[in-house]
Amino acid sequence: MLDARLVDPLDALHLPREGGAFRVGLVVPQSGPLGLTGPSALDGALLAAHEINARGGIHDRPLELVLVDGGGAPHPVAAEVRRLLDAGALDALAGCHTSDVHRAVETVAAGRIAYIYTPPHEGGTRRPGVLCTGVDPSTQLAHAVADLTEGHHLRRWALIGNDYIWPRSVHRAAATLADRAGARIVLERRIPFGTVEPGVEALLDALRAARADAVLLSLIGRDLVHFNRALRRSGLDRRLVRLSGALEENGLLALGGDDTGALYAAMPSFATLAEEPRQSLGERHRALCGPWAPVLDAYAVGLYEGLQLLAALAERHALEPHGLTRAAGRLLRGGRRTVHLARAEGLGFAVLPPLGPR
């Protein structure tokens with residue numbers, strides 16, 4: 001078996017590759033707004049690398065992961081990726097990070113290397129060699145907004161998110177979906193990263209004044225945690241139905257859990273999902289990383305699957321940027337991404353029955 005290795009970017013620039021390693025730049029937040037998801041995502045990537053190397057690597061070359069902290073501002077992260085690319089230190093690129101970082105990395109990677117971006121994303125077109133394996137806002141939220149609006153008799157949705165590309169796209173999709181479900185948007189706010197906590201009272205006052213009965217949260221990471229904690233202190237958490245396309249197990253744990261029965265998440269995967277592949281993945285993760293390892297959240301699972309896809313493409317000599325989307329489509333045919341709606345129950349999620357077609 002070939003060991004899975006995690007390589008520092010400086011070492012990737014200056015040290016020779018052991019065994020002619022196949023190096024993948026792994027852009028994962030270890031700091032910043034999504035930093036709390038970083039350990040889980042890193043575990044998902046390491047599990048994928050371990051399994052790929054157990055199969056003999058990629059054309060008998062060991063897979064190595066070059067860790068780039070994707071939690072910084074977009075341009076410095078992209079500059080570090082550019083430096084690695086200019087040095088010929090990477091064979092491919094994969095990541096789970098915010099969409100603004102993604103768009104900056106895309107500008108330096110497009111046409112040069114295969115770049116697989118795995119979390120839910122804002123939609124739109126991509127440049128050559130850039131493959132998004134997550135879901136766009138309309139796909140992610142369509143059933144959830146409709147079912148919650150009907151099930152809870154909601155009529156007045158508020159939209160609160162961070163101020164960058166993904167929440168903007170989420171809010172546009174949500175306005176259409178709410179109208180289709182017979183509800184309307186009564187409040188919209190977008191807040192810069194890191195400013196939710198000091199400005200939360202104004203947000204709560206705006207929610208009260210708008211008489212919202214539901215709020216779609218496109219806040220991420222720490223800001224999502226701070227806002228839900230503030231709702232709990234105010235008592236609004238028991239009056240407002242809340243839906244998030246970014247809440248996962250690590251975020252739920254950070255906010256101390258929720259027992260209101262009114263906090264929902266729409267994500268591609270949950271640790272409590274009863275499907276055999278998801279449970280098997282969790283068991284393999286615990287066997288490799290131990291019982292106290294962070295739970296594999298939806299971001300981690302997406303990154304695991306993205307690296308497995310990248311390895312399959314590499315084995316087929318199909319990583320040429322201009323043919324990447326077509327080659328990946330052949331591998332993914334019939335594998336349409338499912339979105340699950342789950343309700344927070346304590347420190348975990350209860351996955352609700354599959355949502356029917358509309």
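The values are calculated or read from the model by the stated rules, or taken from the named source; none is laboratory data. These figures come from a predicted structure and were not determined experimentally. Glycine also receives a Cβ, built like all others from the backbone with ideal geometry; neighbour counts cover every protein chain displayed. These accessible areas exclude ligands, DNA and RNA; they are computed on the full protein's heavy atoms, side chains included. Shrake-Rupley method; radii C 1.70, N 1.55, O 1.52, S 1.80 Å.
For segment 188-321, with every protein chain kept in place, what is the accessible area per residue (1.4 Å probe, Å²)?
About 41 Å² of surface per residue is accessible.
Length gain on complete extension for the stretch GLN308 to HIS322, per 0.36 nm per residue less the alpha carbon to alpha carbon distance?
3.0 nm
Please find, in a Gaussian network model of the chain (springs between Cα atoms separated by less than 10 Å), the residue of LEU84, LEU224, LEU243 whose mean-square fluctuation is greatest.
Of the options given, LEU84 has the highest mean-square fluctuation.
Mean-square fluctuation check for the chain, GNM, Cα pairs under 10 Å: which of ALA209, ALA344, ALA48 is largest?
ALA209
State the percentage of accessible surface on segment 1-104 attributable to carbon and sulfur atoms; use a 1.4 Å probe and exclude ligands, DNA and RNA.
54 percent
What is the percent carbon and sulfur in the accessible area of segment 111-163, measuring with a 1.4 Å probe over the protein chains and ignoring ligands?
Carbon-and-sulfur percentage of accessible area, whole number: 46.
Work out the charge dipole of the chain with +1 on the Cβ of Lys and Arg and -1 on the Cβ of Asp and Glu about the Cα centre, then indicate which of LEU341, LEU10, TYR115 is farthest towards its positive end.
LEU341
Using a 1.4 Å probe on the protein chains only, how many percent of the accessible area of segment 266-351 belongs to carbon and sulfur?
Summing carbon and sulfur atoms, their accessible area is 54 percent of the total for segment 266-351.
Can you give the accessible area per residue of segment 1-135, in Å², using a 1.4 Å probe?
Averaged over the residues of segment 1-135, the accessible area is 35 Å².
Between the helical axis of 137-151 and the dominant principal axis of the chain, each derived from Cα atoms, what acute angle in degrees is found, rounded to the nearest 10?
In the chain, helix 137-151 runs at an angle near 30 degrees to the longest axis.
Please build a GNM for the chain, connecting alpha carbons under 10 Å apart, and tell me which residue among LEU154, LEU288, LEU310 fluctuates the most.
Most flexible of the set in this elastic network: LEU288.
Angle check, please: helix 276-289 long axis (alpha carbons) against the longest principal axis of the chain (alpha carbons), in degrees 0 to 90, nearest 10.
It works out to around 60 degrees.
Computed on alpha carbon atoms, what radius of gyration and Dmax characterise segment 228-287, expressed in Å?
Radius of gyration, then largest Cα-Cα span, for segment 228-287: 13.9, 42 Å.
Say a paramagnetic label sat at a point 7 Å from the Cα of ASP60, along Cα to Cβ; which residues of segment 1-38 have their backbone N under 15 Å from it?
Only 1-2, 19-22 fall inside the zone, counting backbone N under 15 Å.
If I fit a long axis through the Cα atoms of helix 221-234 and take the longest principal axis of the Cα atoms of the chain, what angle between them do I get, 0 to 90°, rounded to 10?
Helix 221-234 and the main axis of the chain meet at about 20 degrees.
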